[in-house]
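**Q** First the structure, which I've put down as structure tokens, then a few questions once you've had a look.
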Amino acid sequence: MRRTVLLLALLVSLAAGCTKPPYASPGKDLAVLEEDYTDCFTKASLTVNTPPFPDSPLAQADKDTDACMKERGYTQHLRLN
């Protein structure tokens, strides 16, 4: 029973950390990062879902989002907190 509770707590903490955008930039707080990510992801999704459609839309949306975030001065970063 104790192992199950520990495993569940670990999974919940990892899931909570995975909901944040995987980017970082010195001097920018999380609220600004989330706004920029939402803007970039929305633009990428709109591009991918407008004809002509790419062969792999998810991969293309990820590429476009990464490019947009890099233009705004972010680097990829794994967030666990």
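**Q** Considering amide H positions built from the backbone, and no H for Pro or chain starts, which residues 5 or more places from Y23, or on another chain, come under 5 Å of its amide H?
**A** So Y23 has HN proximity to H77.
**Q** Thinking of region 24-81 as a set of Cα atoms, what percent of all their pairs are more than 19 Å apart? Mind showing how you got there, number by number?
**A** Values: 521 of 1653 pairs.
Counting pairs separated by more than 19 Å, the tail of P(r) holds 32 percent.
Each value in this text was obtained by applying a stated rule to the coordinates, not by laboratory testing. Values in this document were obtained by computation on a predicted structure and should not be read as measured data.
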